[in-house]
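A short write-up of the structure that comes next.
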Amino acid sequence: MIDDFGISRSTLTILLDIRNPYSYLGIEPALALAEECGLTINWLPLTAQPLNAPSLPRADDDRGLRHRRSRAEAMANEIAVYADAQGWEIRDYYRDPDPDLFHQCWLWLRERNPGLIAAFLREAFKAYWASQLNLSQVAAIEVTLTSAGTSCSALHYWLQEHGPTRAAALREIVGDHGRYGMPCYVSEDASLYGRQHRPLLRWMWNERKGHPPM
């Protein structure tokens, strides 16, 4: 399929899932990095694997179950520490609503006014993680779009005529990227998963000067 979402042409594409708290924590650092390096980010939505909640301990738990529980608990603690440092409210890490309508609205704004995407994501992610945004209600998403500075007068028609088709086309292009971690950075034909890769990306965009980050 032809990439008409700008992934192959963009210096940096970032794939996010609003339901993934690591995506939320990755927005502001990515914006800071883009400003530092003079980049324009191609923001795109992605449906990723939801986080797994820690299981309750049982007497017959095997080593694998104990390991998965410990990992889930460590991830929850990490999210809480970073959210607290930012002064952000993040509730219920394990919600798994259908994000498709939200993704269609995101793609509509991207086609209508891509310069407002960052403001929209800030508004939407903040509202969602404070349990103030229902992803299945157009009216609720319109509030975040309006707060970002756009009129929603043409949104309903676009959702009816183009939304599902555009969302399906994007899903085919990005495939199963979200399986490997969030956020997903796509740059120079490489895909990197997780916020820990920002030092490497900075080094790449600074003409690979000096030693690469270890």
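The values are calculated or read from the model by the stated rules, or taken from the named source; none is laboratory data. On a predicted model such as this, the values are computed, not experimentally measured, just so you know. Using ideal geometry, Cβ is built from the backbone for each residue, glycine included, and neighbour counts are taken over all protein chains shown. The area values use the complete protein model at the heavy-atom level, side chains included, leaving out ligands, DNA and RNA. Shrake-Rupley method; radii C 1.70, N 1.55, O 1.52, S 1.80 Å.
Quick notes
- Applying a DSSP loop filter and a limit of 14 other Cβ atoms within 10 Å to the GluC sites (Glu not before Pro) in the stretch 22-128 leaves E89.
- Quotient of C-alpha Rg and 2.2 N^0.38 Å, computed over the stretch 89-158: 1.05
- Computed extension length for R68-Q137: 21.4 nm, one decimal, from 0.36 nm per residue of separation with the Cα-Cα distance subtracted.
- Dipole axis of the chain (+1 Lys, Arg; -1 Asp, Glu on Cβ), positive-most option in A167, I90, Y157: I90
- Value of relative contact order over the stretch 157-214, rounded to a whole percent, pairs C-alpha under 8 Å and six or more apart: 17
- Cβ-Cβ distance of D4 and A80, R₀ of 30 Å, FRET efficiency by 1/(1 + (r/R0)^6): the value works out to about 0.15.
- When shorter helices are ignored and each DSSP H run of at least 4 residues is given -39500 (n - 2.57), the per-residue value for the chain at 222 nm works out to -15500 deg cm²/dmol.
- Only Lys, Arg, Asp and Glu carry charge here, each on its Cβ (+1 for the first two, -1 for the last two); on that basis the chain has a dipole of about 420 debye about its Cα centre.
- Around the Cα centre of the stretch 53-169, unit charges on the Cβ atoms of Lys, Arg, Asp and Glu (plus for the first two, minus for the last two) sum to a dipole of about 220 debye.
- Sulfur and carbon atoms: percent of accessible area, the chain [1.4 Å]: 49
- Share antiparallel - DSSP beta bridges, the chain, percent rounded to 5: 60
- Each residue of the stretch 27-37 is assigned a 3J(HN,Hα), and the resulting list reads 5, 5, x, 5, 5, 5, 5, 4, 5, 4, 9 Hz, derived from the Karplus form 6.51 cos²θ - 1.76 cosθ + 1.60 (θ = phi - 60°), x at Gly and Pro.
- Potential lengthening between N206 and I173 on full extension [0.36 nm per residue; Cα-Cα distance subtracted]: 9.0 nm
- Calculated P(r) of the stretch 1-43 - Cα pairs past 18 Å, %: 35
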